[in-house]
Amino acid sequence: MKRLFGTDGIRGVANREPMTAEIAFQIGRAGAYLFKNKIDPKILIGKDTRISGDMIEAALMAGICSMGVDVLRVGIMPTPAIAYLTRVYHANCGIVISASHNPFDNNGIKYFQGDGFKFTDLEEEEIERIYFENYAKNEWPTGKDIGKVEDLSEVTEKYIDYLKSTIPANLNFKGYKIVVDCANGASFIVAPQVLAELGAKVIIINDKPNGININLNCGSTHSTLLKKEVLRYQADLGLAYDGDADRVMTIDEKGNIVDGDQIMAICALNLLQKDQLPNKTVVTTLMSNLGFDQVIEQAGGKVIRTNIGDRYVLEMMKKVNAVLGGEQSGHIIYLQYSTTGDGLLTSLQLLKVLKEEETSFSYLASIMKKYPQIILNFKVKNKNMFYKCINIKQAIERAENELANKGRIFVRPSGTEPLIRILLEGENRETIEAISQDLREVIEKEDI
């Protein structure tokens with residue numbers, strides 16, 4: 001069982017275990033230990049804009065170099081760019097220093113294989129074994145055998161060229177006015193540049209990172225300002241990325257949120273029409289809206305649901321030969337182009353459909369009828385105690401009985417934060433609001 005790695009790498013408050021410089025140094029050594037005997041071993045490293053990124057990066061690089069493995073440093077880049085560049089530069093693996101959509105005082109370490117796919121559970125467990133059992137205690141090369149760091153240039157241009165290669169060469173977005181929220185994160189250079197190069201008129205917000213404003217009331221989880229700016233500029237749409245730009249949330253020209261389910265529905269229906277959706281199948285998670293299944297099935301397609309987390313979506317996509325899959329949060333995978341979710345690539349694919357369909361974003365989004373949903377987040381000290389509490393168990397059972405066949409309740413622990421998340425979904429909003437109030441009152445009375 002993994003002790004450091006969660007559902008998406010190692011995460012925590014920077015300068016507190018497990019995200020200390022000391023642990024990062026040892027994790028760097030443990031990861032490099034896997035590749036030290038390869039010919040010309042090298043590990044590619046990138047990060048987002050958090051103030052703690054420099055500290056974690058320095059510690060990781062020191063650990064890797066102390067194992068005799070070289071480092072290719074790319075600086076601030078989106079997570080999916082690291083996956084892509086790891087392949088381009090034939091690195092043995094890639095590392096992203098980021099805590100995604102989490103607050104600035106958090107940080108994380110995420111590993112990618114040399115082929116750009118995330119490390120499997122077994123590979124992460126192997127790093128933990130090396131770390132906890134101190135396999136590398138006698139591995140201290142000296143002299144010319146110590147690893148070195150190389151700063152890579154022109155990586156932004158390489159990534160932008162790759163993104164542009166995923167749409168037809170004769171396609172451009174001239175005539176589109178787009179507001180882009182960069183979340184003061186890793187997309188603040190790439191996103192405006194690629195959209196402008198493709199002809200769009202771009203209005204940028206939250207593109208001035210200072211190390212502590214990443215995700216602060218902005219980005220994919222905070223849409224208020226983006227909505228305001230889309231309406232103010234009478235834009236065709238708004239795009240909001242999270243801190244590491246592996247997901248995107250959107251706003252239509254009327255100021256409505258268009259989430260990951262709707263984006264996938266729009267793109268999947270377009271592919272179905274063109275007979276470009278293998279097995280007519282799209283993969284999503286248990287969190288996706290029931291309306292997603294309905295619109296896809298009505299068009300002759302099929303939806304497969306997995307556990308929460310992009311690694312499970314990707315695993316299923318590979319298994320059933322799907323090219324499109326993702327999450328309601330806007331973490332969407334186009335497997336024919338990328339090995340991981342990519343907010344910028346998703347944006348280009350969505351704009352491509354808008355251009356082809358020659359209609360408004362709001363119209364395309366309206367094709368999917370969304371069931372009312374409420375998502376409750378409860379901060380807990382002990383996730384196990386939450387599930388053992390009798391009063392909470394009874395409240396959840398009452399909710400299940402009341403929803404019966406007209407909705408659902410789904411309870412899960414967050415894989416990256418000390419939270420319990422509860423999804424309520426049903427035909428009637430008043431019903432699920434009443435249930436949510438009952439749950440909130442019961443849970444908040446318990447000191448868990």
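The values are calculated or read from the model by the stated rules, or taken from the named source; none is laboratory data. Since this is a predicted model, take the numbers as computed values, not measurements. Heads up, the Cβs are rebuilt from the backbone with ideal geometry, glycines too, and the neighbour counts pull from every protein chain shown.
The set of residues from segment 384-411 being basic (Lys, Arg) and surrounded by fewer than 16 Cβ atoms within 10 Å (Cβ to Cβ) comprises Lys388, Lys393, Arg398, Lys406.
Among the residues of segment 1-34, write down those that are more than 18 Å from Pro413 (Cα to Cα) and either among the polar types (S, T, N, Q) or part of a loop (DSSP other than H, G, I, E, B) (or both). Listed by number, the residues that qualify are Ala14, Asn15, Arg16, Glu17, Pro18, Met19, Thr20, Gln26, Leu34.
I'd like the full set of residues that are in a loop (DSSP other than H, G, I, E, B) and either surrounded by 17 or more Cβ atoms within 10 Å (Cβ to Cβ) or aromatic (Phe, Trp, Tyr) (or both), limited to segment 167-188.
Passing the criteria: Ile167, Phe173, Tyr176, Cys182, Ala183, Asn184, Gly185, Ala186, Ser187, Phe188.
Residues are listed down the side, and each one gets a yes or a no for (1) at pLDDT 95 or above; (2) among the small types (Gly, Ala, Ser); (3) outside any loop (DSSP other than H, G, I, E, B):
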| position | (1), (2), (3) |
| --- | --- |
| Arg50 | yes, no, no |
| Met61 | yes, no, yes |
| Val96 | yes, no, yes |
| Gly108 | yes, yes, yes |
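Residues in segment 272-282 that are closer than 14 Å to Ile333 by Cα and over 19 Å from the mean Cα position of the chain (by Cα): Leu277, Thr281.
Conditions tested, residue by residue: (1) in contact (Cβ under 8 Å) with a residue 60 or more places away in the chain; (2) in a helix (DSSP H, G or I).
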| residue | (1), (2) |
| --- | --- |
| Ala399 | no, yes |
| Ala404 | no, yes |
| Thr416 | yes, no |
| Ile420 | no, no |
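Evaluate the following for Val88: is it surrounded by 22 or more Cβ atoms within 10 Å (Cβ to Cβ) and either among the basic types (Lys, Arg) or modelled with pLDDT of 95 or more (or both)? Answer is no for this residue. So for segment 349-371 (the condition being farther than 30 Å from Ala200 by Cα and modelled with pLDDT under 95), does at least one residue qualify? Yes, segment 349-371 contains at least one residue that is farther than 30 Å from Ala200 by Cα and modelled with pLDDT under 95.
Criterion applied to Leu195, Leu231 was being farther than 28 Å from Asp105 by Cα, in contact (Cβ under 8 Å) with a residue 24 or more places away in the chain, surrounded by fewer than 17 Cβ atoms within 10 Å (Cβ to Cβ) and not assigned by TED's automatic domain parsing to the domain that holds Asn107, and the one residue passing it is Leu231. You will find that of Gln273, Gln294, Gln298, the residue that is over 22 Å from Asp121 (Cα atoms), modelled with pLDDT under 95, outside the structural domain of Leu403 (by TED's automatic domain parsing) and surrounded by fewer than 17 Cβ atoms within 10 Å (Cβ to Cβ) is Gln294 and no other. Only one of the listed residues (Lys352, Lys381, Lys393) is part of a helix (DSSP H, G or I), out of contact with any strand residue (DSSP E or B) (no Cβ under 9 Å at 6 or more places or on another chain) and in contact (Cβ under 8 Å) with a residue 40 or more places away in the chain. That residue is Lys352.
Being in contact with a Phe, Trp or Tyr (Cβ under 8 Å, 6 or more places away or on another chain), within 30 Å of Ile296 (Cα to Cα) and surrounded by 13 or more Cβ atoms within 10 Å (Cβ to Cβ): is that true of Glu425 here?
Criteria met by Glu425.
Within segment 1-17, the set of residues being free of Cβ contacts under 8 Å to residues at least 60 places away in the same chain and either of a type in the set (S, T, N, Q) or crowded, with 19+ Cβ neighbours inside 10 Å (or both) comprises Asn15 only. Residues in segment 208-221 that are in contact with a strand residue (DSSP E or B) (Cβ under 8 Å, 6 or more places away or on another chain) and either free of Cβ contacts under 8 Å to residues at least 60 places away in the same chain or among the hydroxyl-bearing types (Ser, Thr, Tyr) (or both): Cys218, Ser220, Thr221. Considering the conditions (1) under 30 Å from Met77 (Cβ atoms); (2) of a type in the set (S, T, N, Q); (3) surrounded by fewer than 16 Cβ atoms within 10 Å (Cβ to Cβ), Gln328 is excluded by exactly one of them, (3).
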